[in-house]
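Structure record follows, encoded as structure tokens.
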Amino acid sequence: MFILGIESSCDDTSAAILKDNCLLSNVTASQSVHEMYGGVVPELASRAHQQNIVPVVDAALKKANVSLSDLNAIAFTRGPGLLGSLIVGTSFAKGLALGLNIPIVDVNHLQAHVMAHFITEPDVKPHIPAFPFLCLLVSGGNSQIILVNAYNDMQILGQTIDDAAGEAFDKCAKVMNLPYPGGPVIDKLAKEGNPYAFQFARPNIQGFDYSFSGLKTSFLYAIRDAKLSDPDFVEHHKCDLCASLQYTVVDILMRKVDKAVRQTGIRRLAVAGGVSANSALRKAFIDYGEKHNTEIFIPKFSYTTDNAAMVGIVGYYKYLDRDFCDFGLPPFARTTIK
Ligand code: KG4
């Protein structure tokens, strides 16, 4: 069976073709239009999706050597995300599926991030977690620890009560006048810095929940105070600031992950979402696995940030269950995981 996956929840227009659970192509057009604003501008994002969606789907089909008439279903991100952006992918999926007379499958974006671990590729030995497993989902908008019982049975054990981990990276980067998104830049600069140079506030939150707004505020104040005596403080200490911030974020994330592993007794641990591209977090997972006899699942870089391959794989599993979507269903901006 051939599935076309479409992702348009934020600022990446992406299309993927899967043959069953095997990825044949995954084409993404990122939107540079937001760079000068230091963040995603929703109206510009939806307009760029409109421009990108036809060429991106066309390129994915050509790369996979699949024609429209081969498709069995179209899976699309229904939410959560920016409503204007979601409308483009949702409307396109519906229109194309009506024209081809095939079913559509609605996909939850957060569920898709977790399910990225189930994508297989030709000639690559699959490394797929068995159920149940724990997944740390960390992106620009979410930080959650999820107990995954099945592809369609996910329970959030804990989540951020304010900022997300990626948001903390992005906002602190802005204070340092680094480009958007800040996460990848901080990751790069941190490699040259001392992670113990500065100490920032750590949250003290019950259960498995996270908080990053205190860390962000203490980072901001530390810079503001230091600038009083050294106006070029950030320039002089950029790498140390990045390394210390990254060290703190990863430590905050891993403490709750460790708590979840201990309390559930589940020794299969995955990480997903844009922040799972972070080199220190990836290393922390590998180290944790070795130290605590836990099986670790780290996504390929191309599956960390928003992509249609992860939408297609959810589409595949829902297709097997004949879990199709009504053509009248609208996209949704906010929700939790299914
Ligand atoms: O999952 P994603 O592409 O978008 C959503 O939020 O849905 O995640 C984007 C986030 C941004 O906050 C970005 O700064 C962060 O992922 N990010 C990173 C790295 N690469 C992307 N954060 C830390 N280190 C990275 N290498």
What net charge is computed for the residues neighbouring Pro129, neighbours being all others with C-beta under 12 Å from the C-beta of Pro129, Lys and Arg scored +1, Asp and Glu -1?
+1
Ile156-Val234 FRET efficiency (beta carbon distance; Förster radius 35 Å; 0.05 resolution)
0.45
Inter-label distance, nm, simple model (7 Å from Cα along the C-beta direction), Ser302/Tyr37:
2.9 nm
In whole percent, how big is the carbon plus sulfur part of the accessible area of segment 250-338, probe 1.4 Å, protein atoms only?
51 percent
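For segment 138-199, which whole-number percentage of the solvent-accessible area (1.4 Å probe, protein heavy atoms only) is attributable to carbon and sulfur atoms?
On the way: 1400 of 2850 Å².
Percent of accessible area from carbon and sulfur atoms in segment 138-199: 49.
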Quick one: plug the Kirkwood hydrodynamic radius of segment 149-200 (C-alpha pairs) into Stokes-Einstein at 25 °C, 0.890 mPa s, and report D in µm²/s.
184 µm²/s
Please report, in debye to the nearest 20, how large the charge dipole of segment 3-90 is about its Cα centre when each Lys and Arg carries +1 at its beta carbon and each Asp and Glu carries -1 there.
160 debye
Can you count the Lys pairs in segment 189-338 whose Cα atoms are under 18 Å apart, with each pair 8 or more apart or on different chains?
11
Under the rule rounded for a/c under 1.5, else prolate if a/b exceeds b/c, else oblate, using alpha carbon gyration tensor axes a ≥ b ≥ c, segment 1-43 is classed as prolate
Integer Hz, Karplus 6.51/-1.76/1.60 couplings in order for segment 145-151, x for Gly and Pro
9, 10, 8, 9, 8, 7, 4
Using the Cβ atoms and a cut-off under 15 Å, what net charge is assigned to the surroundings of Phe301, where Lys and Arg are +1 and Asp and Glu are -1?
0
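Before I look further, what does the chain give for accessible area per residue, probe 1.4 Å, in whole square angstrom?
About 44 Å² of surface per residue is accessible.
Per 0.36 nm of contour for each residue apart, how much would the distance between Ala333 and Asp20 grow if the chain were fully extended, relative to their Cα-Cα spacing?
109.8 nm
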If you wrap segment 35-92's Cα atoms in a convex hull and average its projection over all directions, what's the area in nm²?
4.9 nm²
For segment 171-210: Kirkwood Rh in Å [reciprocal of mean 1/r, alpha carbons]
12.2 Å
Per residue and in Å³, how big is the convex hull formed by the alpha-carbon atoms of segment 250-338?
140 Å³
per DSSP, antiparallel bridges as share of beta bridges in the chain, % nearest 5, sits at 60 percent
Restricting things to alpha carbons, find the Rg to Rh ratio for the chain using the Kirkwood radius for Rh.
0.99
Whether segment 252-299 is rounded, prolate or oblate, judged on the alpha carbon gyration tensor where a/c under 1.5 counts as rounded:
prolate
P(r) tail fraction, segment 1-73 - alpha-carbon pairs more than 13 Å apart, %
62 percent
Antiparallel bridge percentage (DSSP; both residues within segment 10-137; nearest 5):
55 percent
Calculated Rg and Dmax of segment 1-126 using C-alpha coordinates, Å
14.3, 42
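Can you work out the FRET efficiency for the pair Lys283 and Leu44, with r the C-beta to C-beta distance and R0 = 35 Å, to the nearest 0.05?
0.50
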To check my understanding: the extent here is largest minus smallest coordinate of the Cα atoms along each principal axis. What are those three numbers for segment 112-267, in Å, largest first?
55, 41, 23
Of Ser279, Ser85, Ser143, which has the largest mean-square fluctuation in a 10 Å C-alpha GNM of the chain?
Ser279
Can you give me the % of accessible surface on segment 1-112 that is carbon or sulfur? Probe 1.4 Å, all protein chains present, nothing else counted.
54 percent
Principal axis dimensions, segment 61-146 - Cα atoms, whole angstrom, descending:
40, 37, 21
Can you compute the label reach from Asp251? Point 7 Å from Cα along the Cβ direction, backbone N cut-off under 16 Å, restricted to segment 165-204.
193-204
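The values are calculated or read from the model by the stated rules, or taken from the named source; none is laboratory data. Please read these numbers as outputs of a predicted model, since none were measured by experiment. Every residue, glycine as well, gets a Cβ built from its backbone with ideal geometry; the counts of neighbours run over all protein chains shown. Note: areas computed on protein heavy atoms with side chains; ligands, DNA, RNA excluded. Shrake-Rupley method; radii C 1.70, N 1.55, O 1.52, S 1.80 Å.
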